[in-house]
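Note sheet for the following structure.
Just so it is clear, none of the values below were taken in a lab; they were calculated from the coordinates. Predicted, not measured: the structure shown is a model, and the values here were computed from it. Quick reminder, even Gly has a Cβ in these numbers, built from the backbone with ideal geometry, and neighbours come from all protein chains shown.
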Amino acid sequence: MTQTVTPVRDTSGADVARRRLRVLSALILVVGLTIAARLVWLQTAQADTYRAIAQQVQTDVVAVPAARGDIVDRTGQILAGNRTSYEVAVESPVDDQTVAALVDLSGSSKAAIMARMSICGEPGATPGTCYRGEPGRPIPVLTDVPIPQALAIRDADLSGVIVQQVPVRDYPSKANAAHVLGYLGDGQGRSGLEAEYDEALRGQQGEAKQVLTRDGGATEEVIAAPQDGQRLLTTLDLDTQVVAERALRD
């Protein structure tokens, strides 16, 4: 009698392979979930931090000018003081469209604005009008701007354009006394009392931390407040000076 023998298959190898595949799949799933969770965390909890880091270009410490001290007569009447004025400055570089808008709103010429935007010492800079201030600071292109124009430029919200109030040297008295008081050049005394007592009058500038961003913007944080200049009391008598100058003119 012949018996049929059915061969027994060895499935142990296949089972091992399947188990390894399941383990590998589980590991891949765990790693994938971990990466996904990390990405979600970075995009939510750390989004602001990484956005700020990505936008930053450089951080500088820049000077904050102090208000110049008054020059007064022997009774305290102001011979030379400061008045508030509006200034329009740009954060370089500025595109042609923004320059054209400034021309339309201010009535100034494109050539005048471009000349003020040029950096002294660089090719093409215009002597006498080029910018000689600190690198990284907004460049003044329009000074002593009338209030209506200043407000119109501010309301236009032009990219890279700043409208700010600045102190401007003013001589409010009716007396001239130019030979005594002198005058300023680039914010420094060039003659007369303005030059002789320049160090005391100009005060001590402060410092601010400035962060430049990739989009051309800038933020500032004052880290040392400026100290305004000292008041200079003279022996001049304003009323007597007015009478004397009137007599000389007559």
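Numbers for the structure displayed
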read-out	value
Trypsin sites (Lys or Arg not before Pro) within region 146-250, DSSP loop, no more than 12 other Cβ atoms inside 10 Å	LYS174, ARG190, ARG214
Hydrodynamic radius (Kirkwood) for region 59-249, which is based on Cα pairs only, to one decimal in Å	18.6 Å
Interchain or long-range residues, amide H under 5 Å from TYR131's placed H	SER118, ILE119, CYS120
ASP144 versus ASP250: modelled label distance in nm, points set 7 Å from Cα along the beta carbon direction	3.0 nm
Fully extended contour minus Cα-Cα distance, from GLU134 to THR240, at 0.36 nm per residue	33.9 nm
Cα-projected label distance for ALA200 with VAL166, points at 7 Å along beta-carbon direction, nm	2.7 nm
Theoretical FRET efficiency, 1/(1+(r/R0)^6), r = Cβ-Cβ of LEU21 and THR44, R0 25 Å, to 0.05	0.10
Approximate spin-label separation VAL31-VAL103, in nm, with each point projected 7 Å along Cα-to-Cβ	6.1 nm
Listed residues THR98, THR59, HIS179: farthest to the positive end of the dipole of region 59-249 (Cβ charges)	HIS179
For region 94-109, Karplus couplings with θ = phi - 60° (6.51, -1.76, 1.60), whole Hz, Gly/Pro x	10, 6, 4, 5, 5, 4, 4, 5, 5, 4, 5, 7, 9, x, 7, 8
